[in-house]
Amino acid sequence: MTLTFLEARACVCREVKPNMGAESVPLPDAVGRVLAQEVRADRDYPPFPRSARDGFAVRAADLPGELRVTGEVRAGEVYSGSVQPGEAVEIMTGAPLPDGADAVVMIEHAIRSGDRVHIDRTAKSGDNFNPRAIEARHGDLVLSRGKPIGFAEVALLATVGLQSVSVARQPRVAILPTGDEIVEPGEQPQAHQIRNSNAASLAAQVRRAGGVPQILPIARDNSASTRMQIQRGLEADMLLLSGGVSAGKYDIVEKILAEFAAEFFFDRVLIQPGQPLVFGRAQGKFFFGLPGNPGSTMITFETIARAAIERMQGIADPALPLLRSRLTKPFRHKPGLTRFLTANLSADGSTVEAATSHGSGDVVSLARCNAFLLADPERESWDAGDDIQVLLK
Ligand code: AMP
Ligand code: MG
């Protein structure tokens, strides 16, 4: 069955359900994992009305004017008195707003002399402090199951006092390279052979997606070898095959998978590179047959197979890291396929241009570029200055 790019992604997201179970990890190891528990606020946040500035705690209605400074409050202290009309208390960022005050005036906007402070601008009640519980109330849900944990999530987990957290177990992903011409990277290839780069790139991509890669020995383009390695690969939580899914005489991967009573969800996607992409399930395990050209393997993993690893860990809506940028040169493609092309994105992301590439086997161009143009299948040409979608590498 042939699907469009978006249909193929949707199919993966629909078929693959969270299935990894959970384990507890210490907080420093949680980054890159996916939350398997809800996280609730253990108290109000902020727990007290908290000054956002260094300055003076005031009653807004007193301003503009000259006020009497009756004391100071710093972060980690509580002011014992309260701010009366005509008074101000010097306050530091992070300190609790004293009773009676309803605003903080930045120190840059105040002129202090002795115990007086002159402020010649107005203030509004609520200026420059965060009221108690404005971010979250005690008991509020602050992070949901299925949330990928990055640096800010770790900060929130630490804030609510969690030292360890329940995360989805990491899927073990078997990587099975195929091909009679492929040798291991440590070998000296003969003139007609090439080194196995796909296992290395896939292992890196699997790791980045939160999986644990398990690279299998290269399967040769014969039934016995391919059958044996597929059997091993189906022992993992998921199987990625590279190569052997095109229309060539020795592309036997689909045929051997069929022997395992595989259910195929699609075996062709309208993308380039990577059209012959295969997705299915055998012995209860999902597998992808990724076309073997290095560019096809990388792009089909990144844009479609990766979503399966994310779904297994409980991410509800896997998203692609896309942005829009402005082309510096005109660009044409044959419509009908969603096309990914090696590209160079400027440092600030504002402009992009297609990189020189000699096709989807060009590992040099793939390694040198820093992004991919995403040419949508309906459009044929773009002028310099047009916006285009860009997939980050
Ligand atoms: P295939 O999809 O098996 O027809 O392979 C397509 C192209 O990708 C051929 O030029 C292969 O030599 C190349 N290729 C296949 N597997 C790998 C691999 N593991 N590493 C690098 N190139 C590969
Ligand atoms: Mg092959």
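The values are calculated or read from the model by the stated rules, or taken from the named source; none is laboratory data. Values in this document were obtained by computation on a predicted structure and should not be read as measured data. Virtual Cβ from ideal backbone geometry, glycine too; neighbours counted across all protein chains shown.
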| note | Among residues of region 17-52 being among the polar types (S, T, N, Q) and in a loop (DSSP other than H, G, I, E, B), the residue nearest to Leu162 (Cα to Cα) is Gln37
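Quick test for you: out of Asp237, Asp221, Asp267, pick the one residue that is within 10 Å of ligand 1 (Cβ to nearest atom), surrounded by 16 or more Cβ atoms within 10 Å (Cβ to Cβ) and at pLDDT 95 or above.
Working: Asp237 fails: within 10 Å of ligand 1 (Cβ to nearest atom); Asp267 fails: within 10 Å of ligand 1 (Cβ to nearest atom).
Of Asp237, Asp221, Asp267, the one residue that is within 10 Å of ligand 1 (Cβ to nearest atom), surrounded by 16 or more Cβ atoms within 10 Å (Cβ to Cβ) and at pLDDT 95 or above is Asp221.
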| Of the residues that sit in region 23-69 and are more than 30 Å from Gly81 (Cβ to Cβ) and polar (S, T, N, Q), which one is surrounded by the most Cβ atoms within 10 Å (Cβ to Cβ)? | Gln37
| task | Looking only at region 180-197, decide whether some residue is outside any loop (DSSP other than H, G, I, E, B), of a type in the set (Ser, Thr, Tyr) and either away from ligand 1 (no atom under 16 Å from the Cβ) or in contact (Cβ under 8 Å) with a residue 12 or more places away in the chain (or both). | result | no
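Please give the helices (runs of 4 or more DSSP H) falling wholly within region 290-393 in which 2 or more residues are crowded, with 23+ Cβ neighbours inside 10 Å. Don't jump to the end; show me each part of the working.
On the way: elements: 294-300, 306-312, 363-368.
The qualifying helices (runs of 4 or more DSSP H) are 294-300, 306-312.
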| request: Sort out which residues of region 102-113 are more than 13 Å from Val89 (Cα to Cα), of a type in the set (Gly, Ala, Ser) and not in a strand (DSSP E or B), and write them in order of number. | output: none
| note | Considering region 117-141, residues that are of a type in the set (D, E, K, R) and farther than 19 Å from Gly100 by Cα, and then whichever is surrounded by the most Cβ atoms within 10 Å (Cβ to Cβ), we arrive at Glu135
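Condition check ((1) touching a strand residue (DSSP E or B) at 6+ places or on another chain (Cβ under 8 Å); (2) closer than 29 Å to Ala236 by Cα) across all residues:
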site	(1), (2)
Ala152	no, no
Ala155	no, no
Gln163	yes, no
Pro171	yes, yes
His192	no, no
Asn196	yes, yes
Arg207	yes, yes
Gly211	yes, yes
Leu216	yes, yes
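Regarding Val390, is this residue within 23 Å of the chain's Cα centre (by Cα) and at pLDDT 95 or above?
On the way: within 23 Å of the chain's Cα centre (by Cα): yes; at pLDDT 95 or above: yes.
Yes, satisfied.
Return the residue satisfying two criteria in turn: it lies in region 1-10 and is within 20 Å of the chain's Cα centre (by Cα) and hydrophobic (A, V, I, L, M, F, W, C), and of such residues it is surrounded by the most Cβ atoms within 10 Å (Cβ to Cβ). Let's see the steps before the verdict.
Just the residues of region 1-10 that are within 20 Å of the chain's Cα centre (by Cα), to begin with: 5-6, 8-10.
With the extra rule that they be hydrophobic (A, V, I, L, M, F, W, C), the set shrinks to 5-6, 8, 10.
Numbers: Phe5: 23, Leu6: 14, Ala8: 27, Ala10: 13.
Selected residue: Ala8.
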| Residue list for region 146-196, filter: under 30 Å from Val363 (Cβ atoms), of a type in the set (Gly, Ala, Ser) and buried (at least 17 other Cβ atoms within 10 Å of the Cβ) | Ala174, Gly179
